[in-house]
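**Q** There's a structure below that I have some questions on.
Computed from the coordinates by the stated procedures, all read-outs in this text should not be read as laboratory data. All figures in this text were calculated on a predicted structure; none of them were measured in a lab. Quick reminder, even Gly has a Cβ in these numbers, built from the backbone with ideal geometry, and neighbours come from all protein chains shown.
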Amino acid sequence: MKPIRKVVIPVAGWGTRSLPATKNVPKEMLPVFNKPVIQHVVEEARAAGITDVVFVTNRDKSVIEDYFDHNLQLEGILERAGKYELLHTIQRVAEEVNVIAVRQKEQKGLGHAVLCARQIIGDDPFAIMVGDDLIFSGVPGIRQLADVALAENKSVVGVMEVPEENVSRYGIVDGEETAPGVYKVRGLVEKPKKEDAPSRLAIVGRYVLTADIFDYLEKTAPGVGGEIQLTDAMAAMCQDQGMMAVKIAGKRFDAGNWPEFLSANIYFGLQDESVRYQLIDELKQFLQLN
């Protein structure tokens, strides 16, 4: 398998879980500390050696593409004001990756969104990163998958263990552990009932797949929620070609879940020396009030 240089990031969803904040602002642009959610995702990809980012977007989300472009007016203002550190910060955002955008003209699910990127990806293996899943670790989450994909010459899906009562919210993997945290996948099922789930290994928005997945997506009928489910296509491909799963090491936040989104902001605030201690003091006061 070739090294992974391209990633598909679907960002065409409506963000209904985050309303009303996402009425006019894409959920991917909501800030986690001092960066929007989508920048954290792109930085993970770049740290894993990915150079080309394919956003699957819609007509109302051009602000995401614009964010990763130069803003010459703002850059000029910062330069004239002598604010060079801020200037270099926003310039780095524009220069970090090559951005390509394709439209998902109808909301038909994650599988359909990935299929929209077929012509851009071509025959290369590629990554998929869901735009509201934040994963932070020493080794970038998507890099952990890519390493196994290259070693095994197979597609790989990222998983984490979830409580039994939450399995119906995820795609679930049935797998045999072949090395610590690495599984040979026997099957996948999308959002099973608790009593039907083969494990608690939940797919968490990180994938490395061969381009063969596009043929399977073309043949996949609408599944749960009437949408074309990526998990259903992967299940079919797994039966024919095999697949691996990697239990991702690191801290994960679902940015579409308010408690986790707020926790992510606190997590990042605690990493920054300039605000850490004031933040701790504020949190202590809140806790004392309660």
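**Q** Within the set LYS193/LYS251; LYS27/LYS193; LYS61/LYS184; LYS35/LYS108, which residue pairs have Cα atoms separated by over 32 Å?
**A** Numbers: LYS193/LYS251 26 Å; LYS27/LYS193 28 Å; LYS61/LYS184 38 Å; LYS35/LYS108 29 Å.
Too far apart for the 32 Å limit: LYS61/LYS184.
**Q** Moving to a separate point now. Would you mind calculating the gained length between LYS184 and HIS70 on full extension (0.36 nm times residue separation, minus the Cα-Cα distance), in nm to one decimal?
**A** Working: separation 114, 0.36 × 114 = 41.04 nm, distance 4.36 nm.
Contour length minus the Cα-Cα distance gives 36.7 nm.
**Q** How much of the DSSP beta bridge set in the chain is antiparallel, as a percent to the nearest 5? Please list the in-between numbers first.
**A** Details: 27 of 44 bridges.
Looking only at bridges with both residues in the chain, the antiparallel portion is about 60 percent.
**Q** For region 161-190, state which GluC sites (Glu not before Pro) are in a DSSP loop and have at most 11 other beta carbons lying within 10 Å of their beta carbon. Kindly include the intermediate steps, with their values, before the conclusion.
**A** Numbers: sites: GLU161, GLU164, GLU165, GLU176, GLU177, GLU190; in loops: none.
Nothing satisfies the criteria.
**Q** Take the alpha-carbon centre of region 23-91, take the same for region 183-262, and report the distance between them in whole Å.
**A** 28 Å
**Q** Over the C-alpha atoms of the chain, what are the Rg and the largest Cα-to-Cα span, Dmax, in Å?
**A** When restricted to Cα atoms, the chain yields Rg and Dmax of 19.6, 63 Å.
**Q** Given the -39500 (n - 2.57) contribution per DSSP H run of 4+ residues, what per-residue ellipticity at 222 nm results for the chain, rounded to the nearest 500 deg cm²/dmol? Working shown, then result.
**A** Values: 11 runs with 107 residues, N = 290.
After summing the helix terms and dividing by the residues of the chain, the value is -10500 deg cm²/dmol.
**Q** Assuming R0 = 41 Å, what is the FRET efficiency of GLU164 and ASN98, from their Cβ-Cβ distance, to the nearest 0.05? Can you show the working numbers first?
**A** Working: r = 42 Å, r/R0 = 1.02.
Computed FRET efficiency for GLU164 and ASN98 comes out at 0.45.
**Q** Using the Cα gyration tensor of region 5-81, with a ≥ b ≥ c the square roots of its eigenvalues, what is the shape: rounded (a/c below 1.5), prolate (a/b larger than b/c) or oblate (neither)? Could the numbers behind the result be given before it?
**A** On the way: a/c = 1.76, a/b = 1.14, b/c = 1.54.
It comes out oblate by the Cα gyration axes.
**Q** Take the Cβ-Cβ distance between THR16 and LYS83 as r, set R0 to 41 Å, and report the resulting FRET efficiency rounded to the nearest 0.05.
**A** Working: r = 38 Å, r/R0 = 0.92.
The value I calculate is 0.65.
**Q** If a/c stays under 1.5 just call it rounded; otherwise compare a/b with b/c (prolate if a/b is bigger, oblate if not). Do that for region 1-131, with a ≥ b ≥ c from the square roots of the Cα gyration tensor eigenvalues. Let's see the in-between values first.
**A** Values: a/c = 2.14, a/b = 1.34, b/c = 1.60.
Taking the square roots of the gyration eigenvalues as a ≥ b ≥ c, region 1-131 is oblate.
**Q** Between ASP212 and GLU273, 0.36 nm times their residue separation minus their Cα-Cα distance comes to what?
**A** Values: separation 61, 0.36 × 61 = 21.96 nm, distance 4.62 nm.
My answer for the length gained is 17.3 nm.
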